[in-house]
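In what follows, a single structure is set out as structure tokens and then discussed.
The values are calculated or read from the model by the stated rules, or taken from the named source; none is laboratory data. These numbers come from a predicted model, not from an experiment. Note that each Cβ is placed from the backbone with ideal geometry, even for glycine, and that neighbours are counted across all protein chains shown. Side chains included, ligands, DNA and RNA excluded: accessible areas come from the protein's heavy atoms. Shrake-Rupley method; radii C 1.70, N 1.55, O 1.52, S 1.80 Å.
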Amino acid sequence: MPNNVPASGYRIVARQDFSDVTYLLEIEHPLMARAARPGQFVIVMEHERGERIPLTIADFDAAKGTITLVIQAVGKTTKEMQANCTVGTRLYAVVGPMGIPSRIGAAKKVVCVGGGLGVAPIYPQARGYRESGAYVIGVIGFRNRDLMFWEDKFRAVCDELIVCTDDGSAGIKGLVTEGIKQAIAAHPDIDEVVAIGPPIMMKGCAETTRPHKIKTIVSLNPVMVDGTGMCGGCRVKIGDQVKFACVDGPDFDGHLVDFDDLMSRLVRYKRAEQEALERFQETCRLRGTAETEMEVTSLDRPSTDG
Amino acid sequence: MATRKKTIRTIPQERTPVQEQDPLERATNFTEVSCGYNVQEAAREAERCLMCPDQPCVRGCPVGIDIPAFVKKITEKHFHGAYDIITDTNLLPAICGRVCPQENQCEGVCTVGQTLEPVAIGRLERFVGDMAIREGWASIPYIEPAGFRVGIVGSGPAGMACAADLAKAGCEVVVYEALHEPGGVLKYGIPDFRLPNEVIDAEIQKLRRLGIRFECNTLVGRLFTIEQMLTELGFHAVFVGTGAGYPSFMGIPGESLNGVLSANELLTRCNLMRARDFPNFDTPLMPGKHVAVIGAGNTAMDALRVSLRLGADGVHCIYRRSKKEAPARVEEIHHAEEEGVDFNWLTSPIEILGDKDKRVRALRCVKMELGAPDESGRRRPVPVAGSEFEFETDMVVFAIGTNANPILGQTSKLALNRRGYIATDGNLATSIAGVYAGGDIVTGAATVIEAMGAGRMAARGIKAYLGLRDTDSIYEDELASISTRFGINGEEHGFAQLRIG
């Protein structure tokens, strides 16, 4: 078995930009490519002064020895990665696969729902169900046609694919919950719904399926630090129990998750995160104006690109 | 030798004080509190050892350091010699000298301590360890390769101690760490003002010089399993020292409010992720202005003192028993008091109250009194009726212990005990042949030195399992048991062989 950890980090072997905010990184990590299962996540540190951010694995290829992450540039770290992570550069730390893999059970007919940043990580689940012989209905949602990606990949693993856009510029107009309703109307025998996306979307999905009593699995991505159960920052309320999403999840029964609690806890560090983002953008602006003169040292950290 | 025999009357009566940063000043920085002994202070303190023949301190040490011998070397100003004696049994003196609860171990049973204050063994150990780091000493023995590979899961104190012993026995040792830096709880948990990161890094560097390889960013169980280590990765034996790491909460209302966190989260953000230097480091931390820390162990003291240094106006320790029962090292409580921590003994939280934004606003507590002793022998605290009160706080930190981390239980066939910790026999062997475990993942939360002791014990077990000769002779009673192995007296050994042959 090859030594998995190159001393100088984890190399990015491919990158694709789906839109101004969404980008894909394919990272060399042969051991993880072999170990990863649908539903698992990684924790990434861009550089040694970076924060540890959890990202759900969007794809893995044991033959190529790579894992794929699809990232939305929303905060300081993800925007900085968008600017710096080009092919050939290395990430300081990538650890995983973390979390309990999704149980690809005996379900005969499943709906795999991905919204926004959840579209990518729902893909391995859809593929997993397809491989297990289930009839897979994909429901993927975007704000508009320009933000769409991976439609072809989903078509290849879904028996049916319902695309939803907020403005109707592609597929049906409406939220993914509309897509779920359509699927339920057409198929009364759905065994399971799997939904990944922003908490408000997963809450909507759980509420859509609740009256039909269809088992609904959601994948939670709360604030975490270590990802190994040590800090407890990712604790979530599941029914009357408190669970740690990193080691007890990230998949949970959507009908039991206290989404309001999850959403209020997600904004815990908002003020600091906002401050970091503004500072970062200010630095970028300064760098933009000063670029012609010389390499600017205002980003007070050593470059970790090499 | 014509040296006059030392008696309790002839030795320096007062324990040599150690220079410390001024409490008010240090409460605003992360520089180490205790400056440690200088050469003169160390020599004076070493003179206080009576060199008593029964050596209770050695038995009081979980790893059995030959304390009188190294103290004697200090009196002779032969510091390298002192270092060699300590590192015979403990490779990490700069760490243990700082974080061991000596008052319950070596110093607690010191003969001098029966009449005067005990010899400051911990400070002397630290003095030697620091000098070794400064001078670049390392005791790298000649190592004969044994041809075995051993994988260690977790780079905390248990893993480090186990790795050191096995490397010295000639094994090729790889230590896996899930975080991005080695050191485990020493790095993420214990703050710099108590154990500076440079000290940990220096000690880890020494382990590297023994040939030990550290591989970070490796979550064993998920990236590969314990079983795969023995099969595909080609390890002949495995040691599991992952720590307990699954913090407990009390289950009182309001625990999911923003501003409530585990001490582990606070400390990890502050120490390992350097959130205290935000925004130069990216990990955020929203320090509280009025912080309440629940619990009175070492972790609680760390959380309290970290909060002070992060700029809190008031820091309150809430503990349901009295000061006497507090599990923290005496020195830590003393330091916390000096720095201005407000201790609320016999107080138990019953509810955390939030504002409309779901942020912590106040803590509701009840006063306790001590009743009849419970199964731990400590008097059980019982609530005083009608004594509920509220006080304002914007951050509540739980430091009430940890539960077993579930990852290895989820991913391997290791047998667990009722509480979810890894089940082992007396030699720390687990249910899988060749896999040993020790430290918090076996015993539940304990101390750094106990974890190191467990790591060393497991190393002996692994050596026996691999058929390696164990040249360590740490415990007298162990030697005794070897001499009557299989019930055959040592002297009759040859006779027994003859009969079998």
Inset, instruction - Determine the principal axes of the Cα atoms in segment A:53-120, then give the extent along each, sorted from largest to smallest and rounded to whole angstroms. - result: 43, 28, 19
Inset, instruction - Whole number please: convex hull volume per residue, Cα atoms of chain B, in Å³. - result: 183
Inset, instruction - Mind checking segment A:1-79 for GluC sites (Glu not before Pro) that DSSP puts in a loop (not H, G, I, E or B) and that have at most 16 other Cβ atoms within 10 Å? - result: A:Glu48
Legend entry - Under the Karplus curve 6.51 cos²θ - 1.76 cosθ + 1.60, θ = phi - 60°, whole-Hz ³J(HN,Hα) for segment A:69-83, x wherever Gly or Pro sits: 10, 10, 10, 9, 7, 10, x, 4, 5, 5, 6, 5, 5, 4, 6
Inset, instruction - Would you look at the GNM of chain A, springs on alpha carbons closer than 10 Å, and say which of A:Pro188, A:Pro97, A:Pro54 moves the most? - result: A:Pro188
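Normalised by the empirical 2.2 N^0.38 Å for globular proteins, what value does the Cα Rg of segment A:1-160 take?
1.03
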Inset, instruction - Would you please give the FRET efficiency between A:Thr283 and B:Tyr142, computed as 1/(1 + (r/R0)^6) with r the Cβ-Cβ distance and R0 = 60 Å, to the nearest 0.05? - result: 0.65
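Tell me, what is the percent relative contact order of chain A, built from C-alpha pairs under 8 Å that lie six or more residues apart? List each step's numbers first, then the result.
On the way: 637 pairs, mean separation 48.6, N = 306.
Here the relative contact order equals 16 percent.
Using Stokes-Einstein with the Kirkwood hydrodynamic radius over Cα pairs, what translational diffusion coefficient do you get for segment B:120-165 at 4 °C and a viscosity of 1.567 mPa s, in µm²/s rounded to a whole number?
Numbers: Rh = 13.2 Å.
Reported coefficient: 98 µm²/s.
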Inset, instruction - Return an integer: the convex hull volume of the alpha-carbon atoms of segment A:36-86, in Å³ per residue. - result: 87
Legend entry - Per-residue average of Cβ from other chains inside 10 Å of B:280-289: 6
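Report Rg(Cα)/(2.2 N^0.38 Å) for the protein assembly as shown, keeping two decimals.
On the way: Rg = 28.7 Å, N = 807, 2.2 N^0.38 = 28.0 Å.
Ratio of Cα Rg to 2.2 N^0.38 Å: 1.03.
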Legend entry - Selected from A:Met202, A:Val119, A:Phe280, residue furthest toward positive end of dipole (chain A; charges at beta carbon): A:Met202
Legend entry - Averaged over A:255-265, number of beta-carbon atoms from partner chains that fall within 10 Å: 2
Inset, instruction - Treating only the Cβ atoms of Lys and Arg (+1) and Asp and Glu (-1) as charged, compute the dipole magnitude of segment A:58-213 about its Cα centre; round to the nearest 20 debye. - result: 280
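Explain nothing, just the number: dipole magnitude of chain B about its Cα centre with +1 on each Lys and Arg Cβ and -1 on each Asp and Glu Cβ, in debye rounded to the nearest 20. Display every interim value, and only then the final one.
Values: 54 positive and 64 negative charges, 108 e Å.
The calculated dipole for chain B is roughly 520 debye.
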Inset, instruction - Please calculate the 1.4 Å probe accessible area of B:Lys73, with all protein chains present, and give it to the nearest 10 Å². - result: 60
Inset, instruction - Might you work out the accessible area of A:Met263 for me, using a 1.4 Å probe with all protein chains in place, and round it to the nearest 10 Å²? - result: 50
Legend entry - 5 angstrom amide H check on A:Thr66, placed H, neighbours 5+ away: A:His29, A:Asp61
Inset, instruction - Just the number, please: carbon plus sulfur as a percent of the accessible area of segment A:36-189, 1.4 Å probe, no ligands or DNA/RNA counted. - result: 49
Legend entry - P(r) weight above 14 Å for segment B:243-309, C-alpha pairs, percent: 61
Inset, instruction - Mind pulling up the Rg/Rh value for segment A:159-298? Radius of gyration and Kirkwood radius, both on Cα. - result: 1.13
Legend entry - Dimensions in Å of segment A:84-124 - Rg and Dmax from alpha carbons: 15.3, 43
Legend entry - Reachable lysines from B:Lys323, criterion Cα separation under 22 angstrom, eight or more residues apart if same chain: B:Lys367
Inset, instruction - Give me the accessible area of A:Glu178, 1.4 Å probe, in Å² rounded to the nearest 10. - result: 80
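As a test of the definition: with a 1.4 Å probe, what buried accessible area, both sides summed, do you compute for B against A, in Å² to the nearest 100? Spell out each step's value before the answer.
Working: alone 22980 and 14660 Å², together 33350 Å².
Separately minus together, B and A give about 4300 Å² buried.
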Legend entry - Largest-first ordering by accessible area, 1.4 Å probe, given options A:Val236, A:Val13: A:Val13, A:Val236
Legend entry - Hits among aspartates and glutamates - C-alpha to C-alpha of A:Lys215 under 13 Å, sequence gap 8 or more where chains match: A:Asp189, A:Asp191, A:Glu192, A:Glu207, A:Asp251, A:Asp253
Inset, instruction - Report, in whole Å, the centroid distance computed from the Cα atoms of segment A:72-140 and segment B:1-45. - result: 58
Inset, instruction - Just check segment B:139-278 against the gyration tensor rule for me: Cα atoms, a ≥ b ≥ c as the square roots of the eigenvalues, rounded for a/c under 1.5, and otherwise prolate or oblate depending on whether a/b exceeds b/c. - result: oblate
Legend entry - Heavy-atom accessible area ranking, 1.4 Å probe, most first, across A:Thr208, B:Thr299: B:Thr299, A:Thr208
Inset, instruction - Any chance you could check the Cα centroid distance between segment B:328-361 and segment B:201-215 for me, in angstrom? - result: 38
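Below 8 Å between Cα atoms, with a sequence gap of 6+, how large is the relative contact order for segment A:196-280 in percent?
Values: 104 pairs, mean separation 24.8, N = 85.
Value for segment A:196-280: 29 percent.
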Legend entry - Average partner coverage of B:214-220, which counts Cβ from other chains inside 10 Å: 6
Legend entry - Dipole axis of segment B:258-395 (+1 Lys, Arg; -1 Asp, Glu on Cβ), positive-most option in B:Phe391, B:His290, B:Val341: B:Phe391
Inset, instruction - Straight distance only, please: which lysines reach the Cα of A:Lys79 with their own Cα at less than 28 Å, same-chain residues fewer than 8 apart left out? - result: A:Lys64, A:Lys153, A:Lys203, A:Lys270
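Report the calculated FRET efficiency for B:His78 and B:Ala372 (r = Cβ-Cβ distance, R0 = 45 Å), to the nearest 0.05.
Values: r = 53 Å, r/R0 = 1.19.
Computed FRET efficiency for B:His78 and B:Ala372: 0.25.
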Legend entry - Accessible area in the full protein assembly, largest first, 1.4 Å probe, for B:Trp137, A:Trp150: B:Trp137, A:Trp150
Legend entry - Relative pair counts by distance (%), Cα atoms of segment B:199-267, 10 Å bins: 14, 30, 28, 19, 9, 0
Legend entry - Net charge of Cβ neighbours under 15 Å - reference A:Lys215; Lys, Arg +1; Asp, Glu -1: -1
Inset, instruction - Just check segment B:1-134 against the gyration tensor rule for me: Cα atoms, a ≥ b ≥ c as the square roots of the eigenvalues, rounded for a/c under 1.5, and otherwise prolate or oblate depending on whether a/b exceeds b/c. - result: prolate
Inset, instruction - Provide the convex hull volume over Cα atoms per residue for segment B:309-349, in Å³. - result: 76
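Ordered by packing density, taken as the mean number of other Cβ atoms within 10 Å over each peptide's residues, highest first, how do B:11-17, A:228-234, B:423-429 rank? Mind dumping the intermediate values first?
Details: B:11-17: 14.0, A:228-234: 26.6, B:423-429: 16.7.
Top to bottom by mean Cβ count within 10 Å: A:228-234, B:423-429, B:11-17.
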